[in-house]
Amino acid sequence: MKKLRSIEKIIKPGTPHFVGDGFRVHNFIPGSSTMKRMDPFIMMDYNSKYNFPPTTVPKGVGVHPHRGFETVTIAYKGKIEHNDSAGGGGIISEGDVQWMTAASGVLHKEFHETEWSKKGGEFQMVQLWVNLPAKDKMSKPKYQAIANADIKKVFLPDNVGIVEVIAGEFQGGKGPANTFSPISMLNLKLNKGAKASLSFPTHYTTSLVMIEGIAIINENSEAFEDHFVLFNSDGETFTIEATTDCVILVLSGEPLNEPIAAHGPFVMNTQQELIEAFEDYNTGKFGSLN
Ligand code: MN
């Protein structure tokens, strides 16, 4: 019998803020002290369901840099268009995931997709920053466009739900994302009444986001829609019972246990590396993007 992983806290969505004019987000992993706690995850912006009116000028965030980590975007509702200075680009549609390795540095921009913008509608997405090990921070940028069709689906017994494996492994199903350190990213789609049990190595930093619905965690804690559940690293297994139909994003990763020096869009290991990041950005070494 595996040991139970207890809940450290359940965090309700705080006051949202806008990133550019296209992302209305609750910040679940803010600031440097939280970065350390969430290692290897360093930032999470969650755009809970929000209705954007139709517009001919797509909303979003203009050209900006990143260095030292990966940005992972999961689209639940709406469509996002992405372009970066390393030549990556594409449209992230509902159910798709974009895994961008900024590493040594990219410029990118993130906007609502043009045709989607013209109609407008409900928009919901997660953007997660995943830290890179020191040895990989200055590696070449890359881009993984993961279409929903390429995400491994594990069907739970008795038709109670589906686990989409984006990264890592669940019951023998392996996710398509290539990661630099051990990470599991699962999207659980549970029918009302479904029970599921998930296990990760005890020391892995583990959390979940209630994207849709309400569930009981570990048989005693109720987690509501748009809430973030952070687990202690004190056991392997936690349980979920779906009170309603649910969609739940589960994250678990092995801590890198390396120093973090972070400022804005750069997450490095030392202050000196941060200064270099600003210098390289200011002298055009991140390439160009219009
Ligand atoms: Mn960005």
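The values are calculated or read from the model by the stated rules, or taken from the named source; none is laboratory data. Keep in mind it's a predicted model, so treat the numbers as computed, not measured. Cβ coordinates were reconstructed from backbone atoms using ideal geometry, including for glycine residues, and neighbour counts include every protein chain displayed.
Among the residues of the range 21-73, which ones are among the β-branched types (Val, Ile, Thr) and either within 14 Å of the ligand (Cβ to nearest atom) or out of contact with any strand residue (DSSP E or B) (no Cβ under 7 Å at 6 or more places or on another chain) (or both)?
The answer is Val25, Thr34, Ile42, Thr55, Thr56, Val57, Val61, Val63, Thr71, Val72, Thr73.
Restricting to the range 252-272, count the residues that are in contact with a helix residue (DSSP H, G or I) (Cβ under 8 Å, 6 or more places away or on another chain) and within 16 Å of the ligand (Cβ to nearest atom).
4
Report yes if Gly68 is under 25 Å from Ile248 (Cα atoms), crowded, with 23+ Cβ neighbours inside 10 Å and in contact with a helix residue (DSSP H, G or I) (Cβ under 8 Å, 6 or more places away or on another chain), otherwise no.
Criteria not met by Gly68.
If I ask for residues that are more than 21 Å from Phe180 (Cα to Cα) and assigned to a strand (DSSP E or B), which ones from the range 240-283 would you list?
Ile240, Glu241, Ala242, Cys246, Val247, Ile248, His263
So how many residues does the range 180-210 have that are farther than 25 Å from Phe224 by Cβ and surrounded by 15 or more Cβ atoms within 10 Å (Cβ to Cβ)?
Looking only at the range 180-210, we keep the residues that are farther than 25 Å from Phe224 by Cβ, and these are 180-183, 201-203.
Those left that are additionally surrounded by 15 or more Cβ atoms within 10 Å (Cβ to Cβ): 180-183, 202.
Matching residues across the range 180-210 total 5.
How about the range 100-125: which of its residues are assigned to a strand (DSSP E or B) and within 13 Å of the ligand (Cβ to nearest atom)?
Keep residues of the range 100-125 that are assigned to a strand (DSSP E or B), which gives 100-101, 106-112, 121-125.
If the condition is that a residue be assigned to a strand (DSSP E or B) and within 13 Å of the ligand (Cβ to nearest atom), then Met100, Thr101, Val106, Leu107, His108, Lys109, Glu110, Phe111, Met125 are the ones that fit.
Quick one: in the range 126-139, which of the residues that are out of contact with any Asp or Glu (no Cβ under 6 Å at 6 or more places or on another chain) and not in a loop (DSSP other than H, G, I, E, B) is nearest to the ligand (Cβ to nearest atom)? Give the derivation first.
So in the range 126-139, the residues out of contact with any Asp or Glu (no Cβ under 6 Å at 6 or more places or on another chain) come out as 126, 128-129, 131-133, 135-139.
Applying the additional criterion that residues be not in a loop (DSSP other than H, G, I, E, B) yields 126, 128-129, 131, 135-136.
Working: Val126: 13, Leu128: 11, Trp129: 9, Asn131: 15, Lys135: 23, Asp136: 19 Å.
Across the range 126-139, the extreme among qualifying residues is Trp129.
Any residue at all in the range 48-71 that is closer than 28 Å to Asn218 by Cβ, at pLDDT 95 or above, assigned to a strand (DSSP E or B) and of a type in the set (A, V, I, L, M)?
Scanning the range 48-71 turns up no residue that is closer than 28 Å to Asn218 by Cβ, at pLDDT 95 or above, assigned to a strand (DSSP E or B) and of a type in the set (A, V, I, L, M).
Which members of the range 74-91 meet the condition of being within 13 Å of the ligand (Cβ to nearest atom), touching a residue at least 40 places away in the same chain (Cβ under 8 Å) and assigned to a strand (DSSP E or B)?
Passing the criteria: Ile80, Asn83, Asp84.
Considering (1) basic (Lys, Arg); (2) modelled with pLDDT under 95; (3) part of a strand (DSSP E or B), say which one Lys189 fails and leave the rest.
Of the numbered conditions (1) basic (Lys, Arg); (2) modelled with pLDDT under 95; (3) part of a strand (DSSP E or B), the odd one out for Lys189 is (2).
Suppose the filter is aromatic (Phe, Trp, Tyr) and either away from the ligand (no atom under 16 Å from the Cβ) or crowded, with 16+ Cβ neighbours inside 10 Å (or both); does Phe18 pass it?
no
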